[in-house]
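The values are calculated or read from the model by the stated rules, or taken from the named source; none is laboratory data. Predicted model only: the values in this text are computed from it and were never measured. With ideal geometry, Cβ positions are generated from the backbone for all residues, glycine too; neighbour counts draw on all protein chains shown. Accessible surface is based on the protein model in full, side chains and every heavy atom, while ligands, DNA and RNA are left aside. Shrake-Rupley method; radii C 1.70, N 1.55, O 1.52, S 1.80 Å.
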Amino acid sequence: MHTVVERELELGLVVSPERTIPVPARLTYRTDDPYAVHVTFHVGSDSPVHWTFARELLVEGVFRPSGEGDVRVWPTKLDGRSLVCMALDSPDGDALLEASAAVVSAWLERTLRIVPPGSESVHLGIDKGLSALLALASRDDAGPNGPWPTEESPEPGV
């Protein structure tokens, strides 16, 4: 079973230095995808816009400029408010969004309590999957040469 940490919030879409448009959004973190954060933007279209990027990038971006390429995050202050800015670049367009640093930080803190940095791999289930794969490969009914055919033992039914 995995845990989901969600937070509904309002982001500001920066359209000019003097104007932002409110954009309802949802931050989602899932322990079955422990390295990533998911952001869903409800921009008034038929379907929401989804972005997924590294949780580490957002954690770092709360404190200092982080990221390069399609996703960049950095802290700033505007009129005495602490904000986190996210610049998103895609073939469909670019967006500069700002969020309350306190809201983003509180949500991130919840994710970090559930899956501390450095422990993400435990939640991926790689060990369990690898054990299942090895058990499958070593089944007694796989034949004398294991589950893989050789020239001396053609595939069943051949």
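Is it the case, given these coordinates, that F53 is in contact with a strand residue (DSSP E or B) (Cβ under 6 Å, 6 or more places away or on another chain) and under 18 Å from P117 (Cα atoms)?
Answer is yes for this residue.
Return yes or no: is A137 of a type outside the set (V, I, T), modelled with pLDDT of 95 or more and open to solvent by less than 60 Å² (accessible area, probe 1.4 Å)?
Judged against the criteria, A137 is not a match.
Has the range 48-55 got any residue that is open to solvent by 70 Å² or more (accessible area, probe 1.4 Å) and of a type in the set (A, V, I, L, M, F, W, C)?
no
In the range 62-82, which residues are touching a residue at least 24 places away in the same chain (Cβ under 8 Å) and either of a type in the set (A, V, I, L, M, F, W, C) or touching an Asp or Glu at 6+ places or on another chain (Cβ under 7 Å) (or both)?
The answer is V62, and nothing else.
Taking the range 85-119, which residues are under 18 Å from E6 (Cα atoms), of a type outside the set (A, V, I, L, M) and at pLDDT below 90?
If the condition is that a residue be under 18 Å from E6 (Cα atoms), of a type outside the set (A, V, I, L, M) and at pLDDT below 90, then P116 is the only one that fits.
Could you tell me how many of the residues in the range 39-76 are more than 18 Å from the chain's Cα centre (by Cα) and at pLDDT 95 or above?
5
Of the conditions (1) in contact with a helix residue (DSSP H, G or I) (Cβ under 8 Å, 6 or more places away or on another chain); (2) without any contact (Cβ under 8 Å) to a residue 24 or more places away in the chain, V59 clears all except one; give me its number.
(2)
If you check G80 against the conditions, is it open to solvent by less than 70 Å² (accessible area, probe 1.4 Å) and modelled with pLDDT of 90 or more?
no
Considering only residues of the range 1-16 that are of a type outside the set (A, V, I, L, M) and within 18 Å of D94 (Cα to Cα), which is surrounded by the most Cβ atoms within 10 Å (Cβ to Cβ)?
G12
Can you find a residue in the range 62-72 that is over 22 Å from V115 (Cβ atoms), surrounded by 17 or more Cβ atoms within 10 Å (Cβ to Cβ) and not charged (D, E, K, R)?
no
So the check is Cβ under 6 Å with 6+ separation or different chains; which pairs have a first residue in the range 1-30 that's of a type in the set (S, T, Y) and a second one that's assigned to a strand (DSSP E or B) and open to solvent by 60 Å² or more (accessible area, probe 1.4 Å)?
Pairs that qualify, where the first residue is of a type in the set (S, T, Y) and the partner is assigned to a strand (DSSP E or B) and open to solvent by 60 Å² or more (accessible area, probe 1.4 Å), are T28/E6.
If I filter the range 23-32 for residues that are of a type in the set (A, V, I, L, M), more than 21 Å from T111 (Cβ to Cβ) and surrounded by 15 or more Cβ atoms within 10 Å (Cβ to Cβ), do I get at least one hit?
yes
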